[in-house]
Amino acid sequence: MADYEVPKLNEYPIIPKLQPDTMKHSSPFIAKEQFQTPLGFPGELPDNWKDVAIDKMGELLGKYRSLQVFLDICVHCGACTDKCHYFLGTTDPKNMPVARQELLRKVYRRYFTFAGKYFPKLVGAVDLTEEVLDDWYSYFHQCSQCRRCSVFCPYGIDTAEISMAAREILDCVGKGQKYCNEIIGKVYVVGNNLGLPEPALRDTLEGLEEEIEEDTGVKVRLPLDEKGADILLVTPSADFFAEPHVDGLIGYAKVFHEAGVSWTCSSKASEAANFGMFIGSYENMRKVSMRIREAALELGVKRIVFGECGHAWRVAYSFLNTLAGPFDFLDQNYPIPQHICEFTHNLIKDNKLRLNKEENDHMKLTFHDSCNVARGAGMGQVEGGQFTIPREVIKACCNHFYDMPQDTIHDATFCCGGGGGLLTDDLMELRVKGAQPRMEALKAVTEQHEVTNIAAICAICKSQFSKTLPYYGFTMDQIVSVHQLVSNAIVLKGSEQEAELDGETE
Ligand code: SF4
Ligand code: SF4
């Protein structure tokens, strides 16, 4: 299946033997000029690229004080070395978080510290050369910006921020990544990552309405661009067509229907994802976010609810108000924005949803905490809500739920292996190898509790697992959406299921 060795799954995590440069060849395709220039980046390496790169680094150091602190304070204690899934899966020592940081740090020292300017060898400072730039391109695209390492670092050094800064510098010298930059371009032109135009979107939503009616006998609406609706749903475009994402979208629609609220999708903001974060570009992140503000204003909605998308939720929860606020035109009685899991959870708590857990009895579930939700956001008004709320929603819909080992869940969760703008086929080897720690934890819970399925609330995780599960002896359909479980269990008022259940109890 693969022309590289797929890592073994062990009974417990083993720190691998180092194999230097084993992933040096792994680099994503470089963006062509046509994808670089609309984003404000050059199409190729300019003659004065070194000055441009150093100036950009200086600008970022001034703008993000955390970056300078992170580059200054590492004591090389080694606590982070075995915490990265890419290191564990690839065995390449440059995938140890501290080594990844050093790629940027040694150039920082050379140009921005007294010792590095005058005694470079003494402090391990190096000149910026094309070879160094190539190493940056390769290894900063082997970091999914998942932040797991920062949880274990006694100083809280966040390699994700270093990796974002490196990618931003690379973009500024014409070495942008094709996958991310092409997608950002599509969002500007069409409104979503997939380049799905409005008529196709409308057709899809109408098709789903018919499917739900056939299945339940109830007309559940999936409206598009409906002015005056109360809620704008912003969801990853994968939800509009691919399995298991689309089953999640059906779940949201059923929940809104049962809640009796009016809602709509938007063809302008038909994408929750914000790849501006992955390339470290504040300007692009802001521009992508502004579509949501504009759509909310044009449609006159009172609330914004986000669907199941990990990094989109991080951008929404942590930055949306700064990037595209103030949202003073929305109803201030609700969280701005709100996660669909919190929305559903509130209804469950208030006994406003009828759920038949038996509909999910053919599955034994576990839950994968997506990195950007677990370590980059919160949920609900409670501490740790991002861990408890999705689990409580699952448990309300299923009889069989088991968590994976404690050191692989909550804020210690392992990345799926495809986050941070790496979900592209040109990085398949990295994605398969990087999935190993998560697969190891899945294997453990499968052996212990006969778990059959893994649920997630992130479009990237779902797509990544669909592709990588088979490499480890699982099947691609073992990954499910959390709202797919809700969709299976929910008993719609007036549905055939309701009649059947009530018939049974009479
Ligand atoms: S942020 Fe995640 S992917 Fe990047 S170095 Fe740290 S653990 Fe590895
Ligand atoms: S854990 Fe923190 S201080 Fe220690 S080596 Fe890693 S980044 Fe440096």
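Only one entry of 473, 421 meets the criterion of being under 29 Å from residue 31 (Cα atoms), modelled with pLDDT of 95 or more and either in contact with a helix residue (DSSP H, G or I) (Cβ under 9 Å, 6 or more places away or on another chain) or hydrophobic (A, V, I, L, M, F, W, C) (or both), and that entry is 421. Looking at the structure I just gave you, is residue 135 surrounded by 24 or more Cβ atoms within 10 Å (Cβ to Cβ), within 16 Å of residue 27 (Cβ to Cβ) and away from ligand 2 (no atom under 15 Å from the Cβ)? When the stated conditions are applied, residue 135 does not pass them. When we screen 144, 138 for residues that are under 33 Å from the mean Cα position of the chain (by Cα), in a helix (DSSP H, G or I) and at negative phi, the only hit is 138.
Can you say whether residue 56 is outside any helix (DSSP H, G or I) and more than 16 Å from ligand 2 (Cβ to nearest atom), as far as the supplied structure shows? When the stated conditions are applied, residue 56 does not pass them. Being touching a residue at least 40 places away in the same chain (Cβ under 8 Å) and either within 21 Å of residue 462 (Cβ to Cβ) or of a type in the set (Val, Ile, Thr) (or both) holds for only one residue in 205, 232, and it is 205. Checked across the range 480-493, the condition of being in a loop (DSSP other than H, G, I, E, B), of a type in the set (S, T, N, Q) and touching a Gly at 6+ places or on another chain (Cβ under 8 Å) holds for no residue. When residue 189 is tested against (1) among the β-branched types (Val, Ile, Thr); (2) more than 16 Å from ligand 1 (Cβ to nearest atom); (3) buried (at least 20 other Cβ atoms within 10 Å of the Cβ), only condition (3) is not met.
In the range 481-506, which residue that is among the hydrophobic types (A, V, I, L, M, F, W, C) and in contact with a Leu (Cβ under 8 Å, 6 or more places away or on another chain) is surrounded by the fewest Cβ atoms within 10 Å (Cβ to Cβ)? Once the filter is applied, the top-ranked residue is 491. Consider the range 176-186 and keep the residues that are at pLDDT 95 or above and surrounded by fewer than 24 Cβ atoms within 10 Å (Cβ to Cβ). The one that is farthest from ligand 1 (Cβ to nearest atom) is 178.
Looking at the range 70-79, which of its residues are near ligand 2 (Cβ under 6 Å from one of its atoms) and free of Cβ contacts under 8 Å to residues at least 60 places away in the same chain? Before you say what the answer is, go through the steps one by one.
To start, the set of residues in the range 70-79 that are near ligand 2 (Cβ under 6 Å from one of its atoms) comprises 74-79.
Matches in the range 70-79: 76, 78.
With the condition kept exactly as written, say whether any residue in the range 99-122 is in contact (Cβ under 8 Å) with a residue 40 or more places away in the chain, within 12 Å of ligand 1 (Cβ to nearest atom) and of a type in the set (Ser, Thr, Tyr). No, the range 99-122 has no match at all.
Kindly check whether there is at least one residue in the range 321-334 that is buried (at least 24 other Cβ atoms within 10 Å of the Cβ) and part of a helix (DSSP H, G or I).
Scanning the range 321-334, I find no residue that is buried (at least 24 other Cβ atoms within 10 Å of the Cβ) and part of a helix (DSSP H, G or I), so the answer is no.
Being outside any loop (DSSP other than H, G, I, E, B) and more than 15 Å from residue 366 (Cβ to Cβ) holds for only one residue in 433, 462, and it is 433. For the range 415-431, the tally of residues that are more than 17 Å from residue 311 (Cα to Cα), of a type outside the set (D, E, K, R) and away from ligand 1 (no atom under 15 Å from the Cβ) stands at 1. Give the residue that is farthest from ligand 2 (Cβ to nearest atom), with candidates limited to residues of the range 95-122 that are polar (S, T, N, Q) and in a helix (DSSP H, G or I). Out of the qualifying residues, it is 95. Taken over the range 348-383, residues that are of a type outside the set (Lys, Arg) and assigned to a loop (DSSP other than H, G, I, E, B) amount to 18.
Only one of the listed residues (50, 83) is surrounded by 14 or more Cβ atoms within 10 Å (Cβ to Cβ), assigned to a loop (DSSP other than H, G, I, E, B) and among the basic types (Lys, Arg). That residue is 83. No other residue among 76, 25 is farther than 28 Å from residue 152 by Cβ, more than 13 Å from ligand 1 (Cβ to nearest atom), out of contact with any Lys or Arg (no Cβ under 9 Å at 6 or more places or on another chain) and assigned to a loop (DSSP other than H, G, I, E, B) apart from 25.
Taking the conditions exactly as written (among the small types (Gly, Ala, Ser), touching a helix residue (DSSP H, G or I) at 6+ places or on another chain (Cβ under 7 Å) and assigned to a helix (DSSP H, G or I)), does residue 2 satisfy them or not? Give the derivation first.
On the way: among the small types (Gly, Ala, Ser): yes; touching a helix residue (DSSP H, G or I) at 6+ places or on another chain (Cβ under 7 Å): yes; assigned to a helix (DSSP H, G or I): no.
It is false that residue 2 is among the small types (Gly, Ala, Ser), touching a helix residue (DSSP H, G or I) at 6+ places or on another chain (Cβ under 7 Å) and assigned to a helix (DSSP H, G or I).
For the condition touching a strand residue (DSSP E or B) at 6+ places or on another chain (Cβ under 9 Å), aliphatic (A, V, I, L, M) and under 26 Å from residue 10 (Cα atoms), what is the one hit in 363, 379?
Answer to the selection: 363.
Selection of first residues in the range 148-169 that are on the phi > 0 side of the Ramachandran plot and of second residues that are near ligand 1 (Cβ under 9 Å from one of its atoms) and part of a helix (DSSP H, G or I), restricted to Cβ pairs under 9 Å at least 6 apart or on distinct chains, gives the following pairs, ordered by first then second residue: 156/150. Say whether the condition of being of a type in the set (Phe, Trp, Tyr), buried (at least 22 other Cβ atoms within 10 Å of the Cβ) and within 30 Å of residue 70 (Cβ to Cβ) is met by at least one residue in the range 268-275. Checked the range 268-275: at least one residue is of a type in the set (Phe, Trp, Tyr), buried (at least 22 other Cβ atoms within 10 Å of the Cβ) and within 30 Å of residue 70 (Cβ to Cβ).
Is it the case that some residue within the range 80-94 is closer than 22 Å to residue 10 by Cα, near ligand 2 (Cβ under 10 Å from one of its atoms) and among the β-branched types (Val, Ile, Thr)? Yes, there is a match, as at least one residue in the range 80-94 is closer than 22 Å to residue 10 by Cα, near ligand 2 (Cβ under 10 Å from one of its atoms) and among the β-branched types (Val, Ile, Thr). From the list 408, 366, pick out the single residue that is among the β-branched types (Val, Ile, Thr), under 25 Å from residue 487 (Cβ atoms) and buried (at least 18 other Cβ atoms within 10 Å of the Cβ). Being among the β-branched types (Val, Ile, Thr), under 25 Å from residue 487 (Cβ atoms) and buried (at least 18 other Cβ atoms within 10 Å of the Cβ) holds for just one of 408, 366, which is 366.
The values are calculated or read from the model by the stated rules, or taken from the named source; none is laboratory data. These figures come from a predicted structure and were not determined experimentally. Glycine also receives a Cβ, built like all others from the backbone with ideal geometry; neighbour counts cover every protein chain displayed.
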